[in-house]
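The values are calculated or read from the model by the stated rules, or taken from the named source; none is laboratory data. Given the structure is predicted, the values throughout are model-derived calculations rather than measurements. Methodologically, a virtual Cβ is constructed for each residue, glycine included, from the backbone with ideal geometry; neighbour enumeration extends over all protein chains shown.
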């Protein structure tokens, strides 16, 4: 009769393809985990220095030297209270320019000191609280860079860097 439902066959086998894919993927995950773990635990490779490596020597005229610009106590009363800052300003120049810069520093010492003092007097009090004194260094560097100029032969600036060494200010008003 056509109304009878067929009984499920007890002996029908399912396709083993899903099982094979599952087993292979598990094996791949395990292999990646084991290889990755071994790579992490093995540590870095040892590196040996080459004793025959060439040491680069910098010519004497290319070495950087520091020259003191000023060593003074500079005032600031922009906040209404006068503070005095123990300050040293240094410039870094290449050795070949050191005599030229030292000569200018000797000849124009008072003029340079007056210009730097003007920077101190007109600076905001928050500039003195900066950890690296970025604003003051930028202003002093621009001033000194304009004064020393560039080398006419090479076109490079004579001033390499300005360095400000400043102690915390102390109040001198009562």
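The set of residues from the stretch 128-142 being crowded, with 17+ Cβ neighbours inside 10 Å, modelled with pLDDT of 95 or more and over 19 Å from the mean Cα position of the chain (by Cα) comprises 139, 140.
Considering every residue within the stretch 46-65, establish whether at least one is under 30 Å from residue 154 (Cα atoms) and in contact (Cβ under 8 Å) with a residue 40 or more places away in the chain. I'd like the intermediate steps shown before the answer.
Let us first name the residues in the stretch 46-65 that are under 30 Å from residue 154 (Cα atoms), namely 54-65.
Then drop every residue that is not in contact (Cβ under 8 Å) with a residue 40 or more places away in the chain, which leaves 64.
Yes, the stretch 46-65 contains a residue that is under 30 Å from residue 154 (Cα atoms) and in contact (Cβ under 8 Å) with a residue 40 or more places away in the chain.
Checked against (1) under 30 Å from residue 60 (Cβ atoms); (2) at pLDDT 95 or above, residue 156 meets all criteria but (2).
Residues are listed down the side, and each one gets a yes or a no for (1) at pLDDT below 90; (2) under 21 Å from residue 113 (Cβ atoms); (3) touching a helix residue (DSSP H, G or I) at 6+ places or on another chain (Cβ under 6 Å):
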| position | (1), (2), (3) |
| --- | --- |
| 28 | no, no, no |
| 31 | no, no, no |
| 59 | yes, no, no |
| 66 | no, yes, no |
| 72 | no, yes, no |
| 76 | no, yes, yes |
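Scanning the stretch 117-174 for residues that are in a loop (DSSP other than H, G, I, E, B) and within 21 Å of residue 78 (Cβ to Cβ) yields 123, 124, 130, 131, 132, 133, 167, 168, 169, 172, 173, 174.
Of all residues being modelled with pLDDT of 75 or more and part of a loop (DSSP other than H, G, I, E, B) in the stretch 1-26, which is nearest to the chain's Cα centre (by Cα)? Just the residue, please. Per the stated criteria, the residue is 16.
Can you find a residue in the stretch 72-84 that is free of Cβ contacts under 8 Å to residues at least 60 places away in the same chain, under 16 Å from residue 163 (Cβ atoms), in a strand (DSSP E or B) and touching a strand residue (DSSP E or B) at 6+ places or on another chain (Cβ under 7 Å)? Yes, there is a match, as at least one residue in the stretch 72-84 is free of Cβ contacts under 8 Å to residues at least 60 places away in the same chain, under 16 Å from residue 163 (Cβ atoms), in a strand (DSSP E or B) and touching a strand residue (DSSP E or B) at 6+ places or on another chain (Cβ under 7 Å).
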